[in-house]
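Here the structure is laid out as structure tokens; the discussion comes afterwards.
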Amino acid sequence: MAFYVAQFLSGLSQAASLFLVAAGLSIIFGVTRIVNFAHGSFYMLGAYLAYMMADMWSGAVGFWGAILLSALTVGLLGVAMEVLLLRRLYRSPELFQLLATFGVVLVVQDVALAIWGPEDLLGPRAPGLDGVVRIFGLPFPQYELFLIVLGPAVLGLLWLTFHRTRWGTLVRAATQDREMTAALGVNQTWLFTSVLFLGSALAGLGGALQIPREAVNLQMDINIVVEAFVVVVVGGMGSVTGAFLAALLIGQLQAFGILIFPGITLVLVFLVMAVVLVVRPYGLLGRAPATARGESHALEPPLYPAGRGLQFAGLALIVALIALPAVLGDYALVVLTEVLILALFAASLHFIMGPGGMISFGHAAYFGLGAYGAALLVEHFDAGMVTGLVVAPLAAGVGALLFGWFCVRLSGVYLAMLTLAFAQIVWSVAFQWYSVTGGDNGILGVWPAAWASPKWVFYYLTLVLCTGGVLLLRRIIFAPFGYALRAGRDSPLRSDAIGLDVTRYQWLAFTLAGTFAGLAGGLYAYAKGSVFPTLLDIPISVDGLVMVLLGGVQTLSGPIVGAAVFHGLETEMVRYTDYWRLLLGLTIILLVLVFPQGIVGALQSRLGARFSPRLREQVAR
Amino acid sequence: MQRIKRYFWGAAAAVAAAAGFTDPTWAADSIKIGEINSYTGLPAFTIPYRNGWELAVEEVNAKGGLLGGRQIEVISRDDGGKPGDAVRIANELVTSEGVDVLAGTFFSHVGLAVSDFAAHNQVLFVAAEPLTDAITWEEGNRYTFRLRPSTYMQAAMLVEEAAKLPAKRWATVAPNYEYGQSAVAIFKELLQAKRPDVEFVGEQWPALGKIDAGSTVQALAASQPDAIFNVTFGADLSSFVREGSLRGLFEDRAVVSLLTGEPEYLDPLKGEAPEGWIVTGYPWDQIDTPEHNAFIDAYQERFDDYPRLGSVVGYTTFKAIAAAIEKAGSTDTEALVDAMEGLTVSSPFGEIEFRTIDHQATMGAYVGKIALEDGRGVMTDWRYADGADYLPPDAVVAERRPE
Amino acid sequence: MSVLEVEGLAKSFGGVQAVRNVAFTLDAGELLALIGPNGAGKTTCFNLLNGQLQPDAGEVRLAGTSLIGKSPRKIWRLGVGRTFQITATYRSMSVRENVQMVLLSHHRRMLGFWRRAADLYRDEATALLERVGMAGQAERPCSVLAYGDLKRVELAMALASRPRLLLMDEPTAGMAPKERIELMALTADLVRESGIAVLFTEHDMDVVFTHAHRIIVLNRGEMIAAGPPDAVRGDPRVQEVYLGSGAMFGQGKDKDSAA
């Protein structure tokens, strides 16, 4: 009995920690619709700042002062991010701000390393709360009790702010219907800035309050941000009370889950999310968006088949790619091979994100399933490369067919998070099923067949398959099926009224995208010679998103340019400096500011006349 | 700004034309060693490690280099903790930079990826830090050698101590990935072999970096063990130690813990280092041997800091490579591999040997107890456990390692 | 046989009877207006016919086939086209492509993965656009069209599937008076030519009384009058309902047209 009470309380205190971070994220998303990857970075900064200040000033005043001051400081950093960066991107395509916050994540990682060094920093215990109380005879830390009280207290304060102040009313109104609030003449700029302050300050507070519980370290940002998103989505986007309930649910399932299945820690939160989203597509307390017209708000520019100029450029590029092995060394071919593979991966993600209007945070699942499909055949059946490359897309396609059925029933960020949940479930299977997948030690010895072993041969093989894949996807986008997808994105209402089964087309598109991602994954496996669960993990999904957004989600060549630029930058910067994350982050931020539609998107609107004469002419009339 | 510009344009040019891959080779007669590690992924361990190998390289070069005057040139790259990137970098180092040897890596999966690359491309790879047994056993190959004592060896060192304890009911806590899993599996197997009366009554597998310490501690306590085997490290360890101390988990219980005595993990705990834990580690301030004294003096003079275990690993890895090159008399890969087999090297921990049978070095670790001294954790009652003594019989190794 | 037969249609939302006992028929080539003050149940009625909502009771038959329980998609396939009060077109596509979409769906060619959609049914789409006076703008994206032009595009889209019945929800809402007259004149012409049955709701009484062949008046979910325009205009119950809102039929000064 005493034990279960203690376990319950442990779950509560964990939930309270999680809630503080998630509440801030939920508020920011609710009002601004920004998928803020930097939220975890603010959490980490809160912890580092609190550690630093608590280290400088001792005593109770010093400690609690440090907690509050670091929360405020982080709030101001959030304001700075909004004013200097995000504000310039509100007219960009949906999700584009995500790219900017990703740049911030990279910058903060290196800045924190430079300021506070690589070692974990164990902060002081909370003065006055450093002991235990006995609960049914079991010792329980006072500080954890404090957190248990703090969670609901913060929830109550937020509730009062939202329901008893004019500012709060505006925030709630904006959360429900952003257009309406704008139409009512509310100063959006000011509202967004203040929301970023509150949300970031909560992240900072959450981080600062961790210093008595865990050593401040450089992985805190990554470790919290995904979980915070899960809590927000399970609770229902923009619902702070929902976030609280979700945190409670996850905290308790974690506390009691480990008693029965100690190994479940890897995947528990994602299982919870998948179940909740399948049963309740808008989370526990979330509502379908008030603007139920179902129209996409971002103005999608028309797509035109390549004009003469672009056709010529494309042909020239292919000729150049064919000619390159004559002049390039092996390593350059290795990098180019990777760029080709990633271009196909990005194009397959773009297929569902652009024309399909379905965001995926879990596209790595299909890349990885392809890689594992090939590698498992090699490992267990001694299959050859050709068989592997046939099975890779099939394996991924079957996975996408299965998961897609659930995902396409959702929309927006909920859909995105469900794809993430499935990807993480696949990842944890690959990670833990040692006898088959080798666990995190992976599968080795997945090398190309002898004939394809020379770098230039494998390069040509990749060139043919990836170029073929990219062109095929392009072809499909201009075929009736691609139009049906765009129709579902542009206006579900109209599509329903002309007999289009949008969900079915989206499901099929999801499967196709997964299949092509699987082909990319299969090629990647043979290019690397080994396969690890990391191929199924979040960073691969994020890389895909970054490539698509960087190139321009509203264009067809954007993903390819994005893949080349992003991968090129990353591989080159690593060669020159240890601070490549800082450099890469700053470069991304710069690119985002210079090309707020993505690189190709911006080029298209600037050089539109040259590449797509019809576009300018028809719009201008 | 000029630097940033250079990087930016360099990168842009590479993207545009896939050019820029040919760096001018400015020391034509140098011996090139390619080094790969997770500098951004795990800086707490890898930065001291880099200091270590830099020191070794400087020492070798200051003495006139190798093979009659050829200097060592190290080309070092960050793998970001991703095996795929590590393989690309290995490709770059071998094909574009023309290195003679590959070295480094921290994470086991990255190490395995590079070792497979080395076997496929027939390049010598000296794995510095990855702990997984697979790299020298199940996935072992002719071209890969590993320096650090493996998971098996370190677990075996602790089993020796654990078997001496009266404890019969054991619980385990380990991060939920291969290192944690195999450490626990080996510990269980070896301990039960020595002490058939022992039973394992509880296990916890927190996700790496995401331990829910309160619940984990409570769950461990609920299984009422006499002793605990801990494999968590880093930030998870400090949370575990804090919650465990507060909630009395360690009262009247022995704790046997992997790696906790290494400065990388012990020092952040400061005054809260758990007294009495039996650990493997590196008591850098207490070792008084000529080899170690020479090392620590040189290190402190060069970096104005004390060495971590990573420093010793980095230092010894490159000393070993240097020794192999001298022994082989050339940089020919096959000759180097032959030289590595059975190579003996003087390390700060004494003489070690790279075994012919499985390419594992016999470098050991220090086993002792944690005590508090001047508000920080130190190791007491320690002894050096020679790695050679903690490896299974040759027949077992031969069975696990493919031909 | 009538194109559309509606019998005893009823729907309530949480105890509020939105539509009760609505019954009427509609013949080929007939323009039937459904009018009534705000909240009279016009939109509910429409959504019951097109399958967006399921009725609590009643029957809806299209050329003898029951539509009850069928999805909007299925109902469309059976020959019921519709236009929306607020236009719903594909904004990332050109005017012609919008019409081509309907043709592709009508001919069940949506699962094509190879041939260019823009090359399929091109002439047919152009002909439809010509009919509504939009051929000159066939290449422009819908996102840049004037509102009145979008309404015409929608009309072409509605006709593309050769429906037997066309449901038009406030076809002239949001348009300038001159455009309204033109659009309804065009609709009337098309109905005459092709023999489609049209059911439309409308606030603009000029439009209603000029073009409708018959009118049904709803108030609080109930039909209070039905018949040719002159008969409805003279109906005292209708007068009563509409006097309250201050609108006089046939005066052409509707102040309450859709906002």
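The values are calculated or read from the model by the stated rules, or taken from the named source; none is laboratory data. These numbers come from a predicted model, not from an experiment. So basically every Cβ, Gly included, is an ideal-geometry build from the backbone, and we count neighbours across all protein chains shown. These area figures cover heavy atoms from the full protein model, side chains too; ligands, DNA and RNA do not enter into them. Shrake-Rupley method; radii C 1.70, N 1.55, O 1.52, S 1.80 Å.
The convex hull around the C-alpha trace of segment C:126-181, projected and averaged over every direction, spans 4.3 square nanometres. With all pairs of different C-alpha atoms in the average, the Kirkwood value for the hydrodynamic radius of chain B is 22.0 Å.
Restricting attention to chain B, close to 35% of DSSP beta bridges with both partner residues there are antiparallel. For segment A:493-555, the alpha carbon positions stretch 50, 23, 18 Å along the principal axes, listed from largest to smallest. For segment A:14-227, the direction-averaged projected area of the alpha-carbon convex hull comes to 12.6 nm².
The magnitude of the dipole of segment B:211-342, with charges of +1 and -1 set on the Cβ of Lys/Arg and Asp/Glu and taken from the Cα centre, is near 320 debye. Placing pseudo-labels 7 Å out from each Cα toward the beta carbon at residue C:139 and residue A:279 gives an inter-label distance of 5.6 nm. Here each label is just a point 7 Å from Cα along the line to Cβ, and for residue C:222 and residue B:275 those points are 9.1 nm apart. Debye calculation, C-alpha points only, no solvent: report log10 I(q)/I(0) for segment B:213-346 at q = 0.12, 0.16, 0.20 Å⁻¹, in the same order as the q values. After summing over all Cα pairs, the log10 values are -0.65, -0.87, -1.08. For segment C:153-213, the Cα-based Rg and Dmax, in that order, read 10.9, 29 Å. Of the peptides B:277-286, A:427-436, the order by per-residue mean of other Cβ atoms within 10 Å, starting with the highest, comes out as B:277-286, A:427-436.
Packing, as the average of other Cβ atoms within 10 Å across residues, places the peptides B:292-301, B:340-349 in the order B:340-349, B:292-301, highest first.
By the helix-only formula, in which each DSSP H run with n ≥ 4 contributes -39500 (n - 2.57) and the sum is divided by residues, chain A has a 222 nm mean residue ellipticity of -24000 deg cm²/dmol. As a ratio to 2.2 N^0.38 Å, the alpha-carbon radius of gyration computed for segment A:134-202 takes the value 1.62.
For segment A:1-111, the Stokes-Einstein estimate of translational diffusion at 4 °C and a viscosity of 1.567 mPa s comes to 82 µm²/s, using the Kirkwood hydrodynamic radius over alpha-carbon pairs. Taking segment C:199-242 and a reference point 7 angstrom along Cα→Cβ of residue C:188, the backbone N atoms nearer than 11 Å belong to C:207-213. Using R0 = 51 Å, the C-beta based FRET efficiency linking residue A:453 and residue C:66 works out to 0.15. Of the residues A:70, A:105, A:90, the one whose Cα sits farthest towards the positive end of the charge dipole of segment A:49-149 is A:90 (charges of +1 on Lys and Arg Cβ, -1 on Asp and Glu Cβ, taken about the Cα centre).
Can you quote the Å³ per residue value for the convex hull of the Cα atoms in segment A:165-221, rounded to an integer? It comes to 104 Å³ per residue, whole-number rounded. By the rule of a C-alpha distance below 16 Å, with chain neighbours fewer than 8 residues away ignored, the lysines paired with residue A:455 are A:528. Solvent-accessible area per residue in the protein assembly as shown equals 35 Å², computed with a 1.4 angstrom probe and all protein chains kept. P(r) of the protein assembly as shown in 20 Å steps, Cα pairs, percent per bin? In order of increasing distance, the bins hold 10, 35, 33, 15, 6, 1 percent. Normalised by residue count, segment A:308-620 yields a Cα convex hull volume of 141 Å³ per residue. Here the protein assembly as shown exposes an accessible surface that is 59 percent carbon and sulfur, computed with a 1.4 Å probe and the other protein chains kept in place. Interface C-A: total buried accessible area of about 3600 Å², 1.4 Å probe, protein heavy atoms only. Considering segment C:106-233, its Cα convex hull presents a mean projected area of 9.8 nm². With a threshold of 22 Å on the Cα-Cα distance, the over-threshold entries among B:168/B:369; B:32/B:327; B:168/B:194; B:164/B:270; C:11/C:42; C:42/C:70 are B:164/B:270. Per-residue mean of foreign Cβ neighbours for A:111-124 is 4 (Cβ atoms of other chains, 10 Å radius). Taking all protein chains together and rolling a 1.4 Å probe, residue C:114 ends up with roughly 150 Å² accessible.
Peptide packing for A:479-487, C:227-235 was compared via the average number of neighbouring C-beta atoms within 10 Å per residue; ordered from the highest value, the list is A:479-487, C:227-235.
Counted over the protein assembly as shown, the DSSP beta bridges are approximately 45% antiparallel. For segment A:342-492, rounded, prolate or oblate, judged on the Cα gyration tensor with a ≥ b ≥ c (square roots of eigenvalues), a/c < 1.5 rounded, else prolate if a/b > b/c? Note, shape of segment A:342-492 comes out oblate.
Placing +1 on the Cβ of every Lys and Arg and -1 on the Cβ of every Asp and Glu, with nothing else charged, gives segment B:256-403 a dipole about its Cα centre of roughly 220 debye.
Rg and Dmax of chain A, based on Cα coordinates, read 24.8, 81 Å. The label point for residue A:68 and the one for residue A:149, both projected 7 Å from the Cα toward the Cβ, are 1.6 nm apart. Given charges of +1 on the Cβ of Lys and Arg and -1 on the Cβ of Asp and Glu, with all other atoms neutral, how large is the dipole of segment A:308-620 about its Cα centre, in debye to the nearest 20? Charge dipole of segment A:308-620: 1040 debye, to the nearest 20.
For the peptide B:35-42, the mean number of other protein chain Cβ atoms found within 10 angstrom of a residue's Cβ is 3.
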